[in-house]
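Trainee: Just passing along the structure, written as structure tokens.
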Amino acid sequence: MYKKDLELERNWQKLRLKLKDIIGKKPKDLNAVLLLIGVQELGKGTLEFSKEQKQDLMHIAICKVLSSSGYYVLEGLDEDGWPHWKNVKQLPHFDLLEQEQLLKMHILEYFTSEIKLEL
């Protein structure tokens, strides 16, 4: 593992521990953190969501965190208040591990710059 990969992983673990302090349990994986971000961005509190809605929430989260690098722009909200994003810049072709690292980097940035969480 490269030094920057180790630092990313260290910061990722710190984030998960911080989230445990905030929500009472440590998110088990990337998808769980994405779901939290999606719920935060939807802004309707912790409702009961269907499986399909949870997938939509994770999509909202991915668009939101990648918007800081110009991959997505918010088009607006639908009649139910759900945000809709438009892909405006092609995402690089990465393998699964590289995709995960890209998302983790952007998620860490989201929590430190948007949520003002100190890691």
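Trainee: Looking at the structure I just gave you, is K86 in contact with an Asp or Glu (Cβ under 8 Å, 6 or more places away or on another chain), surrounded by fewer than 14 Cβ atoms within 10 Å (Cβ to Cβ), charged (D, E, K, R) and not in a loop (DSSP other than H, G, I, E, B)?
Mentor: Yes, satisfied.
Trainee: Is it the case that segment 45-52 has a residue that's part of a helix (DSSP H, G or I) and more than 16 Å from F111 (Cα to Cα)?
Mentor: yes
Trainee: Would segment 62-78 turn up any residue that is acidic (D, E), within 18 Å of S113 (Cα to Cα) and surrounded by 10 or more Cβ atoms within 10 Å (Cβ to Cβ)?
Mentor: At the first step, the residues of segment 62-78 found to be acidic (D, E) are 75, 78.
With the extra rule that they be within 18 Å of S113 (Cα to Cα), the set shrinks to none.
Within segment 62-78, not a single residue is acidic (D, E), within 18 Å of S113 (Cα to Cα) and surrounded by 10 or more Cβ atoms within 10 Å (Cβ to Cβ).
Trainee: Let me confirm something: among K44, K28, K51, which residue is out of contact with any helix residue (DSSP H, G or I) (no Cβ under 9 Å at 6 or more places or on another chain) and modelled with pLDDT of 95 or more?
Mentor: Result of the check over K44, K28, K51: K51.
Trainee: Let me ask something else about it. Limited to segment 2-22, what total is found for residues that are touching a residue at least 60 places away in the same chain (Cβ under 8 Å) and basic (K, R)?
Mentor: 2
Trainee: Looking at segment 85-107, I want the residues that are farther than 15 Å from A32 by Cα and at pLDDT below 95 and have a partner that is hydrophobic (A, V, I, L, M, F, W, C) and in a loop (DSSP other than H, G, I, E, B) with Cβ atoms under 6 Å, at least 6 apart or on another chain. Which pairs are those?
Mentor: none
Trainee: Which of the residues spanning segment 95-119 are under 15 Å from V65 (Cβ atoms) and either surrounded by fewer than 15 Cβ atoms within 10 Å (Cβ to Cβ) or not aliphatic (A, V, I, L, M) (or both)?
Mentor: Within segment 95-119, Q99, E100, Q101, K104, H106, E109, Y110, F111, T112, S113, E114, I115 qualify.
Trainee: Would you be able to say whether some residue in segment 2-14 is in a helix (DSSP H, G or I), over 16 Å from the mean Cα position of the chain (by Cα) and of a type in the set (A, V, I, L, M)? Reasoning before the result, please.
Mentor: Our first condition is that a residue be in a helix (DSSP H, G or I); within segment 2-14, this holds for 3-14.
Next, from what is left, pick out any that are over 16 Å from the mean Cα position of the chain (by Cα): 3-7, 10.
With of a type in the set (A, V, I, L, M) added as a condition, the list becomes 6.
Looking for residues that are in a helix (DSSP H, G or I), over 16 Å from the mean Cα position of the chain (by Cα) and of a type in the set (A, V, I, L, M), one finds at least one in segment 2-14, hence yes.
The values are calculated or read from the model by the stated rules, or taken from the named source; none is laboratory data. Given the structure is predicted, the values throughout are model-derived calculations rather than measurements. Neighbour counts are summed over all protein chains in view; Cβ atoms, including those assigned to glycine, are modelled from backbone coordinates with ideal geometry.
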